[in-house]
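Take a look at the structure set out below.
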Amino acid sequence: GAGVSQSPRYKVAKRGQDVALRCDPISGHVSLFWYQQALGQGPEFLTYFQNEAQLDKSGLPSDRFFAERPEGSVSTLKIQRTQQEDSAVYLCAGKVGETQYFGPGTRLLVL
Amino acid sequence: TQLLEQSPQFLSIQEGENLTVYCNSSSVFSSLQWYRQEPGEGPVLLVTVVTGGEVKKLKRLTFQFGDARKDSSLHITAAQPGDTGLYLCAYNQAGTALIFGKGTTLSVSS
């Protein structure tokens, strides 16, 4: 994609642990999206930012999920008290025009 | 209920074979997009189809949008191992979030 990076690439967490996933979009990505992709499935929308404003968080599966983008660039997706069903790949995308450019994702495994 | 139904779910073929994968819905879309996702990477946009009946070609890949704008297909001619990946169709909900189908996992062996 257009240089979207995510860290860490892999995260193993014990059930009940809090995790923070980071997304670094390219400068100029006004819009930023988070998606969750379960194994063998297509990505599912979680939340969307325009600059620092979170305009849509309708896809967040529970109140354990929280996302922020305080300065309108880097974004963090935080999951509190992780559960096994949170195991998935978490993708971040920046939007240029009508095209979304995805990062490589963070693969989260909750044991 | 999945709004975009993709078929087949899995496809395993030999190098040189042709194949078609489908993206179907009962809804009408202003446009549909096709993505390819390789293992360990995010989806990459291949094409956007906008007009009913439209055909777009990208090297050995041919994309078609149904006349009624409810379905789309992707045809690959003479598949190569480099075509291996997850093929996803998606539409843009209200110009923001992408809504994806479950995808077709393609494996091409040499």
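The values are calculated or read from the model by the stated rules, or taken from the named source; none is laboratory data. A quick note: this is a predicted structure, and the numbers were derived from the prediction, not measured. Neighbour counts are summed over all protein chains in view; Cβ atoms, including those assigned to glycine, are modelled from backbone coordinates with ideal geometry.
One residue is enough: does region A:94-107 have a residue meeting the conditions facing another protein chain (nearest Cβ under 10 Å), touching a Gly at 6+ places or on another chain (Cβ under 7 Å), small (G, A, S) and not in a strand (DSSP E or B)? So far as region A:94-107 goes, yes, one or more of its residues are facing another protein chain (nearest Cβ under 10 Å), touching a Gly at 6+ places or on another chain (Cβ under 7 Å), small (G, A, S) and not in a strand (DSSP E or B). Which ones in region A:17-35 are in a strand (DSSP E or B) and among the aliphatic types (A, V, I, L, M)? A:V19, A:A20, A:L21, A:L32, listed by residue number. Is region B:80-89 home to any residue that is of a type outside the set (F, W, Y), in contact with a Leu (Cβ under 9 Å, 6 or more places away or on another chain) and surrounded by fewer than 16 Cβ atoms within 10 Å (Cβ to Cβ)? Checked region B:80-89: no residue is of a type outside the set (F, W, Y), in contact with a Leu (Cβ under 9 Å, 6 or more places away or on another chain) and surrounded by fewer than 16 Cβ atoms within 10 Å (Cβ to Cβ). Just wondering, is there one or more residues in region A:36-57 that are surrounded by 14 or more Cβ atoms within 10 Å (Cβ to Cβ), among the hydroxyl-bearing types (S, T, Y) and more than 19 Å from B:Q37 (Cβ to Cβ)? Looking for residues that are surrounded by 14 or more Cβ atoms within 10 Å (Cβ to Cβ), among the hydroxyl-bearing types (S, T, Y) and more than 19 Å from B:Q37 (Cβ to Cβ), one finds at least one in region A:36-57, hence yes. Just wondering, is there one or more residues in region A:36-58 that are assigned to a strand (DSSP E or B) and in contact (Cβ under 8 Å) with a residue 60 or more places away in the chain? So far as region A:36-58 goes, yes, one or more of its residues are assigned to a strand (DSSP E or B) and in contact (Cβ under 8 Å) with a residue 60 or more places away in the chain. When A:S31, A:S87, A:S7, A:S62 are screened for being touching a residue at least 60 places away in the same chain (Cβ under 8 Å), more than 13 Å from chain B (Cβ to nearest Cβ) and hydroxyl-bearing (S, T, Y), only A:S7 passes. Taking every residue in region B:3-16 that is at pLDDT 95 or above and pairing it with any residue that is surrounded by fewer than 15 Cβ atoms within 10 Å (Cβ to Cβ) and part of a strand (DSSP E or B), at least 6 positions away or on another chain, the pairs with Cβ-Cβ distances below 9 Å are B:F10/B:S107; B:L11/B:S107; B:S12/B:S107; B:S12/B:S109; B:I13/B:S107; B:I13/B:S109; B:Q14/B:S109; B:E15/B:S109. Residues that are under 11 Å from the mean Cα position of the chain (by Cα), at pLDDT 95 or above and among the polar types (S, T, N, Q) do not occur anywhere in region A:82-93. When you look at A:T82, is it surrounded by 13 or more Cβ atoms within 10 Å (Cβ to Cβ), in contact (Cβ under 8 Å) with a residue 60 or more places away in the chain, within 12 Å of chain B (Cβ to nearest Cβ) and not small (G, A, S), yes or no? No; evaluated as a whole, the condition is false for this residue. Please indicate, with yes or no, whether at least one residue in region A:16-34 is modelled with pLDDT of 95 or more, more than 15 Å from the chain's Cα centre (by Cα) and surrounded by fewer than 17 Cβ atoms within 10 Å (Cβ to Cβ). Taking every residue of region A:16-34 in turn, at least one turns out to be modelled with pLDDT of 95 or more, more than 15 Å from the chain's Cα centre (by Cα) and surrounded by fewer than 17 Cβ atoms within 10 Å (Cβ to Cβ). Within region B:63-110, track down each residue that is within 14 Å of chain A (Cβ to nearest Cβ) and closer than 18 Å to B:L11 by Cα. Once the filter is applied, which keeps residues that are within 14 Å of chain A (Cβ to nearest Cβ) and closer than 18 Å to B:L11 by Cα, region B:63-110 yields B:G85, B:L86, B:Y87, B:L88, B:C89, B:G101, B:K102, B:G103, B:T104, B:T105, B:L106, B:S107.
Filtering region B:13-62 down to residues that are in a strand (DSSP E or B) and over 16 Å from the mean Cα position of the chain (by Cα), which residue is farthest from the other protein chains (Cβ to nearest Cβ)? This residue is B:Q14.
Residue by residue, here is whether (1) closer than 30 Å to A:D56 by Cα; (2) among the polar types (S, T, N, Q); (3) in contact (Cβ under 8 Å) with a residue 12 or more places away in the chain holds:
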residue	(1), (2), (3)
B:E54	no, no, no
B:K59	no, no, no
B:F63	no, no, yes
B:G95	yes, no, no
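Listed by position, the strands (runs of 3 or more DSSP E) contained in region B:68-110 that have at least 1 residues being within 9 Å of the chain's Cα centre (by Cα) and of a type in the set (A, V, I, L, M, F, W, C) are B:71-76, B:85-92.
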